[in-house]
Amino acid sequence: MQRESFCGFRSAPGEATVPTPIMLSLSSKQGPGTLLSELVRDAFAQGTRGLFEDATQLPVPEDASNFSLVGQTWAGVVGFTASELRGSLVVNMNDQMVVNSLPPEIRARVSDEPNDPSFQRTLNDWCGEIANQIVGRAKNRIAGYGPLLTMSSPISLRASGMVWGGSSSTHEFRQRLEREHGQLLSIASVTIERDHHVEKISANAAAAEGEMMMF
Amino acid sequence: MGQKILVVDDSETVRQQVEYALTQAEFEVIHAEDGVIGWEKLTQHDDIGLIICDVNMPRMNGLELVEKIKSSGQYDNLPIVMLTTEGSPQLIQRAKKAGAKGWVVKPFKPDLLVKATTKILAKTKAA
């Protein structure tokens, strides 16, 4: 499927690259508390890396030096909003990267025929779910400092020759994780109304991934 | 075949993942892709022993579904476990208040979900 313009993406033939990658440094702190923009950046960076390390059971190296959408075929998108900020997360992967991030029991049963409709349906669904789970992880980290994000349902699309058309957000946080079968690119476009320092609120501490509670 | 479990999640892959784990443990599984269909399935099947339910879903979210089920007065003893990316204490408290019996944050470990399901079903039976 090709779309002319979709959540900042547009289809274009041939070479499709995004220049000027931004390297991420985690947990920098200035003044009292953490700057909201740094908290959001770190939350998405840690959420993305954590999800893929959990999925693959291997450390995922990060390298922002070659942020290129060439060969990327899937985009998963989730929007989010809170009183202090709003934006969207877009994750980009190729077929093999989506397949390798599937839960092992699903990966073992997925069709290996790329043109099989069930193969495409599974990848379409999982790409959206990956975006959903990354935003969920970021949401849980950010909630510990006050802002409570409301998330949209995930959507995903398959396209060729995707390029990132940019956004009008005040902040754009990019991340590139690479494995032997491909790369994951994530772009969190966030508008922060008023960047300020935020403090951790212990009462807002969210449950962590994999945690289970019985009532 | 063991007890029937209704799995409500808008991700087909997550539904399959939960189904795989539960059927390995000899539970029977039926699916719904949102709260509206979840409610329909519940009213169509009178032998559902437990519901595993996502929170963020289109049309009717998981918390709305729990509140609808529990306020109906027909399913007071039906245990519901939330399976979600959400971890905020406010939402967990809302689910607990509405009558949910458990909360699991995705991604989940299949064996732990099966253990939780078995434990909650045993507890419900004993009550």
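General observations
- Here is the size of chain B from its Cα atoms: Rg then Dmax, 13.0, 37 Å.
- Positive-end residue of A:PRO147, B:GLY62, B:ALA116, charge dipole of the protein assembly as shown with Cβ unit charges: A:PRO147
- As a calculated quantity, the FRET efficiency between B:THR118 and A:GLN96 at R0 = 41 Å, using C-beta atoms, amounts to about 0.70.
- Rounded FRET efficiency, nearest 0.05, which uses the C-beta distance separating A:ALA203 from A:THR81 and R0 of 22 Å: 0.50
- Probe 1.4 Å - accessible area at B:PHE27, Å² to nearest ten: 20 Å²
- For region A:47-58, the Karplus equation 6.51 cos²θ - 1.76 cosθ + 1.60, evaluated at θ = phi - 60°, returns couplings of x, 5, 5, x, 4, 6, 5, 5, 5, 9, 6, 9 Hz by residue, with Gly and Pro reported as x.
- Subtracting the Cα-Cα distance of B:LYS4 and B:ASP111 from 0.36 nm times their residue separation leaves 36.8 nm of extension gain.
- Dimensions in Å of the protein assembly as shown - Rg and Dmax from alpha carbons: 20.3, 65
- Apolar share of the accessible surface for chain B: 48 percent from carbon plus sulfur atoms, 1.4 Å probe.
- Theoretical FRET efficiency, 1/(1+(r/R0)^6), r = Cβ-Cβ of B:ARG94 and A:PHE119, R0 41 Å, to 0.05: 0.60
- Cα shape, region A:115-186, gyration tensor, a/c 1.5 rule: prolate
- Solvent-accessible area buried by B and A, counting both chains, probe 1.4 angstrom, square angstrom: 2800 Å²
- Mean partner shielding of peptide A:203-209, defined as the number of other chain Cβ atoms within 10 Å of each residue Cβ, is 5.
- Cα centroid separation, region A:148-200 to region B:29-96 (Å): 30 Å
The values are calculated or read from the model by the stated rules, or taken from the named source; none is laboratory data. Quick caveat: nothing in here was measured; it's all calculated off a predicted structure. Cβ: placed from backbone, ideal geometry, glycine included. Neighbour counts: every protein chain shown. We work out accessible area using only protein heavy atoms, side chains counted, and drop any ligands, DNA or RNA first. Shrake-Rupley method; radii C 1.70, N 1.55, O 1.52, S 1.80 Å.
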